[in-house]
Amino acid sequence: MSGVRKTYDGRRYVLDGLDFTLHEGQVAAILGASGCGKSTLLNIIGLLDSCTEGSYTFCGERMLRTRLNSYHQQRARDIGFVFQSYCLIDALSVTENALMPFLYNDRSITREVERRLVSVLDDFNLTALKNTKASLLSGGERQRVAIARAMIKSPRLVIADEPTGNLDDANARLVVEAFLSIARQGTSVVVVTHNNMLADEVACAYRLCKGRLEAC
Amino acid sequence: MLRSARPLFYVTHLLRMSVANKVRLTLVGIGVFVAVFLFSAGLTIVNSYYAESIRSVQEMSENTAVVSSGLDPVQAKDMLSSLGVGSYSDTLLITQRQALYSREMDDGRWLTLNALVFGSSGFSKAMPVLTDDGSVVPVDVELVKGRLISQADLQSGAKVAVIDELTAAMLFPDGESIGKAIEVGVNVHGNVFMPGQEEIVVPRLEVIGVVKDSYVSRAHRQELLRELGSGNADVFVSTSVYVPLATVEELFSDAMFPERYLICSFEDPAAYARSVAQMLAYEDIGSRRGAHITVSTKERLLAALEQNLASTKAALNIIILVLCVISGISIMSITFFSVKERIPEIGIRKAFGASKADIAFQFMFEMLFIALLASVAAVAASLLACRLAEGYLTEQLFFSFSVVLSPGQLLLPLLVGMLEAALCSILPSLYAANIKVTDSLRFE
């Protein structure tokens, strides 16, 4: 990202000349005060929103503001999301929620995907809950399902907004380990967090201030 | 076993989401069910009602026409002669049904066989039948046993009768009817006079022949079986008896409002067409001059029935359209509410790669699936209701009624239900598709 600026009302710039580079397999933590623009930055990185000015290149391809509506296939293929409010579908089970990313890309549920699902659920201690409806899960369990969902298709980029917000230390540790593990396999991770443990574990930590990123 | 191809996984997911919200499933289902149920029931009743009439007319003999008029017999015959109609039979119908037979059944109810008496001057080709909607229709004669009324019987005014198979089965269950006598005009309790009154002499006619049941008689037989099996009050069944014209004029001279018909039969279709055209022209002129005649042909009766059927269906369609609009508005409201409730879900789906078309398709698919379930249930329920109401409708409509099914009758209500759901879900689906993903993910 180079010279990225974002405004919603044409007057106040939430992001103001932001530069950011994330390499393959890198984990970056972004810290900052509430309302400083962290979610806005994540939305732009995740191709959910476009910047007002500046340039954004994702996996070698320049992302254009005018083609924002066509990037759904790219998201389906290459990006996993973990949102602050989990965003699970209550009517579906843990397994069905975890497999949601496969609805909108052209991959079938193969034996490899099944194995990956078993592994991911096991990593997050969700195996016993695999057939439980999401509406019956605790906040921490929902968080872990959301993370499992983001990781299951081995995307090129995972974007996480406060992924350890509702987790105890042990489970937060699991999440950190999971991010580091997928990073070792080539997936890049961008995490917005207030968790110092996570910020300390990653190679790159930044603080978003006055619309720009400063290395911590 | 989760392994599956993406399309199957996707469709399974959509079906799951369609029924996930029980409140929406119930409310939308009820809306579609009511509209489709009423449409299907109405369509079934209308089609069945007219199917009975159409079938009885289709049995009418080819190249025959029935002329009824207020003219006296001589004038009527002169009129036909002037039109070049050579072959016809003079038929007198005693409109007041005459009791033939009555007995008390084991359950205390009374079973009574009533007959319409037809007197005719000729029975060689066609015999008249009165349909349930009041049309006299000549049908081909099919002799089962015995003989038909001969010229000698006609000239001498013999006291003979030809009955149909239904009458023979009811009066002579042992099968031997030829040579037996029937009494026409026995009252419902089987007595020929009431105590204290003068003895009434009822006409006795010798059975000389049995003819095959017409469609009307077959329908009455079915109706009889239904009546016997039901708990309804006293059972009445209608049939027809055919006697020489002179015999009817003699024995039933004091009958109330007899109706006279001239049944014109033609061997040559071209001659039939010519004569019918002339008769229709005479009918038109006669109506303006006060000499009313009515000409009934198979084509005319069928055309009238088709026109009535079309009019009735048009009225039914208008009623259903109004119903669909009313229920459609509620369906649209419920769908909009569902979209609002699922805004965060829409956001996450878009985040994971759903396009606008995917979102719109999902909401429309869910509504169509619910409509399909409700429509199938409604069609099945309406057919069951019509079957159960057959007996009641037969009493109310005063003629035999049985449910007639056709593929179109089953498919059309289904299509109407799904079309209603499709149209009412377009706007909410487009609204859902156009929700901004960043706004939806912030939605609480």
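What follows draws every value from the coordinates through simple rules; no lab data is involved. These numbers come from a predicted model, not from an experiment. Positions of Cβ are generated from backbone atoms using ideal geometry, with glycine treated the same way; all protein chains shown enter the neighbour counts.
Among the GluC sites (Glu not before Pro) found in the stretch B:260-357, those both in a DSSP coil and sparsely packed, with 12 or fewer other Cβ atoms within 10 Å of their Cβ, are B:Glu267. Relative to the longest principal axis of the Cα atoms of chain B, the long axis of helix B:298-341 makes an angle of roughly 20 degrees.
Please list, by residue number, everything in the stretch A:110-131 whose backbone N is under 11 Å from a paramagnetic label point 7 Å out along Cα→Cβ of A:Gln73. Counting backbone N atoms under 11 Å from the label point, the list is empty. With the helix formula -39500 (n - 2.57) applied to DSSP H stretches of n ≥ 4, the protein assembly as shown reaches a computed 222 nm mean residue ellipticity of -15500 deg cm²/dmol. Only beta bridges with both residues in the protein assembly as shown are counted; by DSSP, about 65 percent of them are antiparallel. Peptide B:350-361 is shielded by partner chain Cβ atoms: per residue, an average of 6 of them sit within 10 Å of its Cβ. Taking every DSSP bridge with both residues inside chain A, close to 45 percent are antiparallel. Summarising the label geometry, the points placed 7 Å from Cα in the beta-carbon direction at B:Ser82 and B:Lys159 lie 4.1 nm from one another.
With 20 Å as the limit, the listed pairs A:Lys133/B:Lys340; A:Lys133/B:Lys436; A:Lys210/B:Lys436; A:Lys153/B:Lys356; B:Lys22/B:Lys340 have A:Lys133/B:Lys340; A:Lys133/B:Lys436; A:Lys210/B:Lys436; A:Lys153/B:Lys356 beyond it between alpha carbons.
Over all residues in B:15-21, what is the mean tally of Cβ atoms on other chains that come within 10 Å of each residue's Cβ? What the average comes to for B:15-21 is 2. Look at the stretch A:81-92: the mean tally of other chain Cβ atoms within 10 Å of its residues' Cβ atoms is 5.
Using a simple spin-label model with pseudo-atoms 7 Å out from Cα toward Cβ, A:Ala33 and A:Arg115 lie 5.1 nm apart. Across chain B, the longest run free of exposed loop sites, meaning chymotrypsin sites (Phe, Trp or Tyr not before Pro) lying outside DSSP classes H, G, I, E and B with no more than 12 other Cβ atoms within 10 Å, spans B:194-397. When both bridge partners sit in the stretch B:88-265, DSSP labels roughly 65% of those beta bridges antiparallel. In chain B, Cα pairs under 8 Å separated by at least six residues give a relative contact order of 29 percent.
Each Cα pair under 8 Å and six or more residues apart adds its separation to the average, and for the stretch B:88-265 the resulting relative contact order is 38 percent. Please report the net charge: other residues with Cβ closer than 13 Å to the Cβ of A:Gln143, K and R +1, D and E -1. So the environment of A:Gln143 carries a net charge of -1. Each residue, B:Val376 and B:Leu8, gets one label point 7 Å from its Cα in the Cβ direction; the gap between the two is 2.0 nm. Within the listed set A:Ala76, A:Ala150, A:Ala160, the Gaussian network model of chain A (springs between alpha-carbon atoms below 10 Å) gives the highest mean-square fluctuation for A:Ala76.
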